[in-house]
Amino acid sequence: MDIIIPIAAILAILGVAVIFGADVLAAVVLRPVYAGVDERTLVQVVGRGHHFGDRRLPIAGILGVVFTVITAILAFLGSMPVPGVLAGTALLLLVIWLILFTRISKPINARLSAAALADEVPADARELQERWESIITLRAFIQGAAVLLLSLVLVFA
């Protein structure tokens, strides 16, 4: 178990870090970019970005969650409560992130993706983007905290 738990944690970190990076990029760089473009450009760029992101990023996110679960289980089975609690807390954060994503971000992603592919501009395009952006900093913080907790597993395992 001494080597398996850190390997599982590293694989979890790699998966979670992909989503963390995407959320930080959106919060820090893309948000001000989108604020400076017209609605048609906004819909085309954001919608097409979500079109590809929603198809490609889940692989990393799912692997991050799966390996976080494995890390927590292995830590508890190996009588390592501190790494188990750290990984379990990271898992709780990832579940909270998933709830936020599925309830707020994903429906907006779907609307803007469909509009971009249909070459349409919804009348509420800017409002949709503002709603999406209203939780992106929180999403990035949650993912960052999960990466930190999983990194601490490596310290205590």
Quiz item: Condition test on Ala8, is it part of a helix (DSSP H, G or I), small (Gly, Ala, Ser) and under 15 Å from the mean Cα position of the chain (by Cα)?
Solution: no
Quiz item: Checking Val37 against (1) loosely packed, with under 14 Cβ neighbours inside 10 Å; (2) assigned to a helix (DSSP H, G or I), which test does it fail?
Solution: (2)
Self-check item: Failed criterion for Phe141 (all others in (1) surrounded by fewer than 19 Cβ atoms within 10 Å (Cβ to Cβ); (2) more than 13 Å from the chain's Cα centre (by Cα) hold)
Solution: (2)
Practice problem: Report, ordered by the first and then the second residue, all pairs with beta carbons closer than 9 Å, sequence separation of six or more or different chains, a first member in segment 1-12 that is at pLDDT below 95, and a second member that is exposed (fewer than 15 other Cβ atoms within 10 Å of the Cβ). | Solution: Met1/Leu77; Met1/Ser79
Exercise. Take Ala72 and decide whether it is part of a helix (DSSP H, G or I) and closer than 13 Å to Ala12 by Cα.
Key: yes
Practice problem: Any chance you could count how many residues in segment 33-55 are closer than 13 Å to Glu130 by Cβ and either without any contact (Cβ under 8 Å) to a residue 24 or more places away in the chain or touching a Cys at 6+ places or on another chain (Cβ under 7 Å) (or both)? | Solution: 1
Self-check item: In segment 50-69, the residues that are more than 13 Å from the chain's Cα centre (by Cα) and charged (D, E, K, R)
Solution: Arg55
Self-check item: Residue check, Pro83 under 30 Å from Ala115 (Cβ atoms) and assigned to a helix (DSSP H, G or I)
Solution: no
Self-check item: Meets criteria (at pLDDT 95 or above, of a type in the set (Val, Ile, Thr), surrounded by 13 or more Cβ atoms within 10 Å (Cβ to Cβ) and within 12 Å of Val43 (Cβ to Cβ)) for Val85
Solution: no
Quiz item: Got at least one residue in segment 99-107 being surrounded by fewer than 19 Cβ atoms within 10 Å (Cβ to Cβ), within 13 Å of Val46 (Cα to Cα) and in contact (Cβ under 8 Å) with a residue 12 or more places away in the chain?
Solution: yes
Exercise. Kindly provide the set of residues from segment 124-157 that are in contact with a helix residue (DSSP H, G or I) (Cβ under 7 Å, 6 or more places away or on another chain), under 18 Å from Pro32 (Cβ atoms) and either of a type in the set (S, T, N, Q) or not in a helix (DSSP H, G or I) (or both), ordered by number.
Key: Gln129, Ile135, Thr137
Quiz item: Would you say Ile5 is in contact with a Gly (Cβ under 9 Å, 6 or more places away or on another chain) and exposed (fewer than 14 other Cβ atoms within 10 Å of the Cβ)?
Solution: no
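The values are calculated or read from the model by the stated rules, or taken from the named source; none is laboratory data. Computed from a prediction, not measured in an experiment: that's the story for all the values here. Note that we place each Cβ from the backbone using ideal geometry, even for glycine, and neighbour counts take in every protein chain shown.
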